[in-house]
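Bear in mind that the values in this text are calculations on the coordinates, not laboratory data. These numbers were taken from a predicted model, which means no experiment stands behind them. All Cβ positions, even for glycine, are placed from backbone atoms using ideal geometry, and neighbour counts span all protein chains on display.
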Amino acid sequence: MNFTQKLKQAISSTNSTLCVGLDPDPVRIPKPLKEEFPSIEKLIPEFCRRVIESTKIHACAYKPNSAFFEAYGSLGWRMMEEVADMIPSNRLFIADAKRGDIGNTALKYKETFFDRLNADALTLNPLMGLDTLLPFLDDESKGLFVLTMTSNRGSADFLQRRFEGRMSLGSYIAEELSKLNETCASHLGMVIGATQSAAVEPVLAAHPNSHLLIPGIGQQGGSVDELEISVQSHQGIPIINSSRAILYAGGDDEDWTEQVTVEAINMKDSFKNITSRYV
């Protein structure tokens with residue numbers, strides 16, 4: 001099964017394009033769970049497990065952010081392996097690592113996230129050059145989501161600036177990705193921010209068949225209505241991520257998992273018009 005086929009199946013089985021980002025921050029993990037599991041090595045995996053169990057009916061994908069695990073050194077890596085094994089096999093596992101390097105270093109990142117963790121997809125930073133992507137492009141079962149027009153304000157520093165006659169550097173990157181995607185086995189997708197509706201149109205036009213990983217809905221303030229307009233004629237499939245708004249929806253309440261479920265349902269329903277195109 002290639003990457004696009006697995007993505008379509010995950011969306012069809014959940015009637016959802018929602019991706020739940022797993023950013024486990026002990027400061028924000030509900031107090032009742034911290035009291036039950038006082039050690040980090042048990043707390044973080046258990047928090048992620050309960051979030052996954054509470055949302056798996058409503059999410060087509062999960063996106064563990066490696067920084068929230070790597071902060072704990074070798075223990076963090078073991079926790080990330082444990083969480084990776086919790087993600088249902090019929091959902092996408094997107095490793096959010098934003099790596100970007102050349103040659104043997106890139107090959108080691110491939111080994112880390114694809115061979116060892118068995119992620120379905122990986123986020124990559126292309127700013128060292130397109131050759132940093134080449135080691136990842138030979139497996140049709142895998143997807144890459146390349147940073148193209150990110151959701152943070154700092155995207156204006158580089159990605160939104162005009163470049164080589166294009167509307168933005170992001171547009172140029174998208175154009176080059178589209179060319180590469182014609183000849184590679186892996187799917188070359190893009191990360192575009194829901195907070196950047198004014199800047200994404202030329203990016204999407206430059207790589208019209210790209211699947212999209214879309215952060216920015218939720219606590220970053222991205223508009224679902226504007227996103228719907230942006231992607232209405234795009235041929236690729238959007239995966240819409242929400243992390244903190246879902247993870248910490250229950251605060252410190254005893255029934256926090258129930259509130260996580262409710263927020264996932266509300267988020268899923270908020271972009272049902274987008275999802276309806278792909279089920």
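Under the rule of at least 5 residues apart or a separate chain, name every residue whose amide H is placed under 5 Å from the amide H of Phe163.
Ser168, Leu169
Which far-off residues, 5 or more places away or on another chain, put their amide H under 5 Å from the one on Gly21, with H placed in the peptide plane?
Hits under the 5 Å cutoff: Lys63, Ser242, Ser243.
Could you give each residue of region 125-134 its phi-based ³J(HN,Hα) in whole Hz, using Karplus coefficients 6.51, -1.76, 1.60 with θ = phi - 60°, and x for Gly or Pro?
Listing the rounded values in order: 9, x, 6, 7, x, 5, 5, 5, 8, 4 Hz.
If I take R0 = 41 Å and measure r between the Cβ atoms of Asp157 and Arg116 in this structure, what FRET efficiency does the formula 1/(1 + (r/R0)^6) give, to the nearest 0.05? Can you show the working numbers first?
Values: r = 33 Å, r/R0 = 0.81.
Using R0 = 41 Å, I get an efficiency of 0.80.
Could you pull out every residue, at least 5 positions away or on a different chain, whose amide H is within less than 5 Å of the one on Ser151? Hs are placed 1.01 Å off N in the peptide plane, and Pro or chain starts have none.
Gly193
Loop-only check: which chymotrypsin sites (Phe, Trp or Tyr not before Pro) in region 95-159 are DSSP coil with at most 14 other Cβ within 10 angstrom? If you can, show how the numbers build up before the last one.
Details: sites: Tyr109, Phe113, Phe114, Phe136, Phe145, Phe158; in loops: Phe158.
Passing both the DSSP loop test and the Cβ count: Phe158.
Taking the alpha-carbon distance from Lys34 and a cut-off under 20 Å, which lysines remain once sequence neighbours fewer than 8 residues away in the same chain are dropped?
Lys42
May I ask you to sort His187, His207 by Cβ crowding, counting other Cβ atoms within 10 Å and putting the fewest first? Each step should come with its number before you reach the end.
Details: His187 24, His207 28.
Neighbour counts put them in this order, fewest first: His187, His207.
How large is the Kirkwood hydrodynamic radius of the chain, in angstrom, based on all distinct alpha carbon pairs? Please list the in-between numbers first.
On the way: mean 1/r = 0.0531 Å⁻¹.
After inverting the pairwise mean of 1/r, the radius is 18.8 Å.
Among Leu127, Leu144, Leu169, what is the fewest-to-most ranking by other Cβ atoms within 10 Å?
Values: Leu127 12, Leu144 25, Leu169 22.
Taking fewest neighbouring Cβ atoms as first place, the list is Leu127, Leu169, Leu144.
Give me the percent relative contact order of the chain, please, defined on Cα pairs under 8 angstrom at least 6 residues apart. Before the final figure, lay out each step's value.
Values: 528 pairs, mean separation 59.9, N = 279.
After rounding, I find 21 percent.
Let me make sure I get this right: for region 22-123, a, b and c are the square roots of the gyration tensor eigenvalues over alpha carbons, sorted descending. Under 1.5 in a/c it's rounded, otherwise prolate if a/b > b/c, else oblate. Which is it? Present the calculation step by step, with values, prior to reporting the outcome.
Numbers: a/c = 2.41, a/b = 1.47, b/c = 1.64.
Oblate, because a/c is 1.5 or more while a/b does not exceed b/c.
Using Cβ contacts closer than 10 Å as the measure, can you line up Leu180, Leu247, Leu117 from fewest to most?
On the way: Leu180 18, Leu247 26, Leu117 21.
Result, fewest neighbours first: Leu180, Leu117, Leu247.
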